[in-house]
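Comments concern the structure below.
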Amino acid sequence: MATAAAPESTDPELQATAWDLEPLVDGEGPDGLQRRLAEALERAQKFAGRYAGKLGELDSERLREAMQELATIHDLVGRAGTYAALRFSTDTADPANGALLQVAQERGTAIETTLLFFDLEWAALEDARAEELLAGEGLEFCRHHLRNVRRYRDHLLSEPEEKILAEKSLTGAGAWTRLFEELTSAIEVKLPGEDSTGDAEAQRAASGAVEKVALDVALSRLSLPDREARRSTAQAVTEALAPGLRTRAFLFNTLLADKGIDDRLRSYPHWLAARNLANEASDESVAALIEAVRGRYEIPRRWYRLKARLLGVQRLADYDRMASVSEDEVSFPFARAREIVLDCYSSFSPELGDVARRFFDERRIDAPVRPAKRGGAFCASAVPSVEPYVLLNYTARRRDVLTLAHELGHGVHFSLAARQGIFHQGTPLTLAETASVFGETIVFSRLLEEDSSPASRLALLAENLEDTIATVFRQVAMNRFEDLVHTARREEGELSVPRFGELWTDSQSELLGDSVELTEGYRSWWSYIPHFIGSPGYVYAYAYGQLLALSVYERYEQTGAELVPRYLQLLAAGGSRSPEELGQIVGIDLADPGFWDAGLDLVERQLREAEEAAEASGRL
């Protein structure tokens, strides 16, 4: 059996687009990681000797000094940890990368346990005393962070208990998450090999020849216009998921139980409470978002019924959902994608364009598909003293251009917020998608503006709507799946593979109704999604961020260049303020109960635009 080359393997610019991680360790390689962790541990031990048991005696000036030293320690650990994690993500099969990641995690945990006392003592201070300290000068770089730490006071355990949980996480949740990444990165999908003519029927009749491709590559084929190619690809994906399915189910069961124990020990009232607290979102506001989206599931159903007509089928199957509605599938070499994205960013704001361009100039993007590389795409913030990094699995499709724009949106957000320092660079997950979706929308608008082909414009509008459906409605359906499995695990005990499949099908059926047929093979497709494993409760933030970003973009359409400085101010603020305060910068009221419905009205507008394009195409 032949192993397929990565897509676009003849594109020299793409293949050369590999990141340089040495700035994270000042060119010292793994030795630099070791040195930073050793220095961080030494500093942490001295810090504990200086401050443990004495926080109540500090004045504002000494609190500022303590936080500055903590920032230095976190910077050392962050550089080392990012270096190890990013090396691992590009080649999860290399034992040296796994070993280095384990070193970073073990020593990082030792440092974390040494410093645990600080948050515990800070949270235990009386409110009046804490506010007296926070009123001092020079604490802008950490004031919001310190207030957030105190929000956890009802869920913190004693220092010995917290240390035990931190150290055991290395052989608990952390280890299972790493195993999941290794298992899913190693999945290879066997597809029919191509003959010299490229004829699909001849390929299927070829004498047993197959090619093995990464899971991400196979999933990207679900947008192909040929239905038989989609069906056979989906079947091949299901077959590739089957061998390790029981292992991944056991892994998921273990993490579900682990979180249940953690929530019980920390007195969280339900499985999503810890995530909501981290997102600075009330249970009520999150429930309102989820119910608002579930109440508008007819939007995606309406689109899928129309799409079935465009594709000439009576009803879509699950493998048809991402199919292109046009055979005019445009290929984008990586250089062209870079040109489009950078021009769009620069046209919106020269400052934003300059920040985005540095990702390419400084080799902070790793783009090609490679064996054992982590799937999907992400942007790693690193630490404020070092610029962020972007990982892609670029397959030259139009959607990949939008993915590049999306991840660079995260990147410019992290870069601009670096001025806030290590405690405030990141935002709650509920705002983390704002810049990425906004950047993606700018690029989409450009692609639509420049495309004169009716078939291609229809395909582009359809892709935009489907991306929104995936980000808003599908993510809420996945939140529903998480809710079902966390609840079932706590009430029923260990869940079987069929039970996982049943709950997955229930959540997806509620979303799709009668508009899409769910095949038997699709019952196992929950098992490759990383957010369920490493970031429970994460997914609803995508819907939150998408609706927020669409609202900000609508303000931009209404006000033009007037919004640009306020938008840059929003990005530069990072997480130094609450989500509600950050929204106010661009004129968004996140406390308005009608905000979610207004955002969903914008999604329905996208649907109408796609419907009008379908009518104009003459294909209905």
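The values are calculated or read from the model by the stated rules, or taken from the named source; none is laboratory data. Since the model is a prediction, treat every value here as computed from it, not as a measurement. Cβ placement follows ideal geometry from the backbone for every residue including glycine, while neighbour counts extend to all protein chains displayed.
Out of the residues in segment 80-95 that are assigned to a helix (DSSP H, G or I) and either of a type in the set (K, R) or in contact with a Phe, Trp or Tyr (Cβ under 9 Å, 6 or more places away or on another chain) (or both), state the one that is nearest to E159 (Cα to Cα). Full working, then the answer.
Filtering segment 80-95 for residues assigned to a helix (DSSP H, G or I) gives 80-90, 95.
Now restrict to residues that are either of a type in the set (K, R) or in contact with a Phe, Trp or Tyr (Cβ under 9 Å, 6 or more places away or on another chain) (or both): 82, 86-87, 89-90.
Numbers: T82: 27, L86: 31, R87: 33, S89: 33, T90: 37 Å.
Across segment 80-95, the extreme among qualifying residues is T82.
May I ask you to verify whether V330 is surrounded by 19 or more Cβ atoms within 10 Å (Cβ to Cβ) and at pLDDT below 95? It would help to see each step written out before you state the result.
Numbers: surrounded by 19 or more Cβ atoms within 10 Å (Cβ to Cβ): no; at pLDDT below 95: yes.
Considered against the rule, which asks whether it is surrounded by 19 or more Cβ atoms within 10 Å (Cβ to Cβ) and at pLDDT below 95, V330 comes out as no.
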Exercise for the section: Test each condition in (1) out of contact with any Asp or Glu (no Cβ under 9 Å at 6 or more places or on another chain); (2) of a type in the set (A, V, I, L, M, F, W, C); (3) within 30 Å of E161 (Cβ to Cβ); (4) touching a residue at least 12 places away in the same chain (Cβ under 8 Å) for I261 and report the one that comes out false. Expected result: (4)
Practice task
Would you confirm whether any residue within segment 56-79 is outside any loop (DSSP other than H, G, I, E, B), free of Cβ contacts under 8 Å to residues at least 40 places away in the same chain, crowded, with 18+ Cβ neighbours inside 10 Å and not acidic (D, E)?
Solution key: no
Completion exercise
If we ask which residues in segment 93-142 are within 23 Å of D75 (Cα to Cα), buried (at least 18 other Cβ atoms within 10 Å of the Cβ) and free of Cβ contacts under 8 Å to residues at least 24 places away in the same chain, their number turns out to be 1
Fill in the blank from the handout: Per the filter on segment 415-437, residues over 15 Å from the mean Cα position of the chain (by Cα) and of a type in the set (A, V, I, L, M, F, W, C) are L416, A417, A418, I422, F423
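Filtering segment 41-55 down to residues that are part of a helix (DSSP H, G or I) and in contact (Cβ under 8 Å) with a residue 60 or more places away in the chain, which residue is nearest to D127 (Cα to Cα)? So that I can check it myself, show each step before the final result.
If we filter segment 41-55 for residues that are part of a helix (DSSP H, G or I), which is where we start, we get 41-51, 55.
Next, from what is left, pick out any that are in contact (Cβ under 8 Å) with a residue 60 or more places away in the chain: 41, 44-45, 47-48, 51, 55.
Numbers: L41: 31, A44: 26, Q45: 28, F47: 24, A48: 23, Y51: 20, L55: 14 Å.
Top of the filtered list is L55.
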Problem - Checklist (1) touching an Asp or Glu at 6+ places or on another chain (Cβ under 8 Å); (2) under 30 Å from S509 (Cβ atoms); (3) surrounded by fewer than 21 Cβ atoms within 10 Å (Cβ to Cβ) applied to A470, failing item - result: (1)
Exercise for the section: Go through (1) closer than 26 Å to D601 by Cα; (2) surrounded by fewer than 21 Cβ atoms within 10 Å (Cβ to Cβ); (3) touching a Ser or Thr at 6+ places or on another chain (Cβ under 7 Å); (4) not acidic (D, E) one by one and return the number of the condition G353 breaks. Expected result: (1)
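Sort out which residues of segment 8-36 are β-branched (V, I, T) and either modelled with pLDDT under 95 or within 24 Å of V369 (Cα to Cα) (or both), and write them in order of number.
First, pick out the residues of segment 8-36 that are β-branched (V, I, T): 10, 17, 25.
Passing the criteria: T10, T17.
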